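As structure tokens, the structure follows; a few thoughts come after it.
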Amino acid sequence: MNSTPDEEGRGAAAAAEDRFGEQPRTVLVTGGNRGIGRVIAEEFAAYGHRVAATHRSGEVPDGVLGVQCDVTDPESVEQAFATVEAELGPVEVVVANAGITRDGLLLRMSDEDFDAVVQANLAGAFRVARRAARPMIRKRFGRIIFISSVVGLLGSAGQVNYAASKAGLVGMARSIARELGSRGVTANVVAPGFIETDMTAELSEDLVRGYAEQIPLGRMGAASDVAGAVRFLAGPDAAYITGAVLPVDGGLGMGH
Ligand code: NDP
């Protein structure tokens, strides 16, 4: 928890509320030990929210409650939520960020590689959203945010499994938006472009240069670019936004 007192000796949460009009919320981010998820967790914590993050391996950032969770395992998802509820209270903002790639061309893609990606990225997000929804409905407040990808909208050669899983998140979010809108729960999608993390570190320099040439802003994004968009969707300024897909891609996917 971020409980660093400000100059007047109050907690960071109280200060955040004054400065930004943001009520401190209980936030759960999946895949918070590295990459984009880690920076999202840090961002919410820095603004005084009560933050938990899941990890399979590694550690979550300081000031964040770490809970072990594999999103492909329903029991593990249940356990993670139960722990967060016991320690921090009901989850009000959930960010389904955990994801993997298993790239390969269509003709060579195995069933295992297709299933593994859909299980982690799409079914995992479904399990997390389903578990999050009931307490949100009870509270008549909730923010469900899915981390998709520009690839889900544009397609990508060699990523049939990944693109399908990320496109699926859009239909999922929009269905949840329709189901739960009257209960004060919003469901939105953030679609990052190429963001510098472990996931993109494997790309060759030539490929990265090629992508950068197609990006109107001319550079790869940072995880903090994504974190800012996620916090916006969780905050009071996004109260009337649901079923939206917010690109954070330097313009790469414009029009999609
Ligand atoms: P990383 O590979 O750096 O991190 C992925 C995170 O997801 C890790 O914390 C990982 O945990 C976790 N994770 C993977 N599978 C599971 C699982 N079954 N259960 C629980 N946690 C799991 O990826 P990024 O930070 O780059 O990506 C984060 C999200 O953003 C992903 O959904 C990705 O598809 C999406 N995205 C990324 C883009 C990019 O350019 N980087 C672009 C567009 C979208 P562990 O460390 O234990 O493996």
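What follows is calculated from the coordinates using simple rules that are stated; it is not laboratory data. The model shown is predicted, which means the values in this text are computed figures rather than measured ones. Methodologically, a virtual Cβ is constructed for each residue, glycine included, from the backbone with ideal geometry; neighbour enumeration extends over all protein chains shown.
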Projecting each Cα onto the charge dipole of the range 116-208 (Lys/Arg +1, Asp/Glu -1 at the beta carbon, about the Cα centre), which of Val151, Thr186, Gln119 comes out farthest on the positive side?
Thr186
Mean separation of Cα contacts under 8 Å (6+ apart) over length of the chain, as relative contact order %
17
Could you size up the charge dipole of the range 12-248 around its Cα centre, putting +1 on the beta carbon of Lys and Arg and -1 on that of Asp and Glu, and report it in debye to the nearest 20?
980
Quick check on the exposure proxy: order His55, His256, His49 from fewest to most C-beta atoms within 10 angstrom.
His256, His55, His49
Just Gly158, Gly235, Gly32 to compare: in a GNM of the chain, with alpha carbon springs under 10 Å, which one fluctuates most?
Gly158
How far, in degrees from 0 to 90, does helix 124-139 lean away from the longest principal axis of the Cα atoms of the chain, to the nearest 10?
30
Quick check: pseudo-label points 7 Å beyond the Cα along Cα→Cβ at Gln23 and Ala157, how many nm apart are they?
5.1
With springs only between Cα atoms under 10 Å apart, run a GNM on the chain and tell me which of Arg143, Arg102, Arg38 wobbles the most.
Arg102
Alpha carbon centroid spacing (whole Å) that separates the range 111-185 from the range 189-226
22
Counting pairs of alpha carbon atoms under 8 Å apart in space and at least six apart in sequence, what relative contact order in percent does the range 24-174 give?
22
Dividing the helical contributions, -39500 (n - 2.57) per DSSP H run of n ≥ 4, by the residues of the chain yields a 222 nm value, nearest 500 deg cm²/dmol, of -13000 deg cm²/dmol
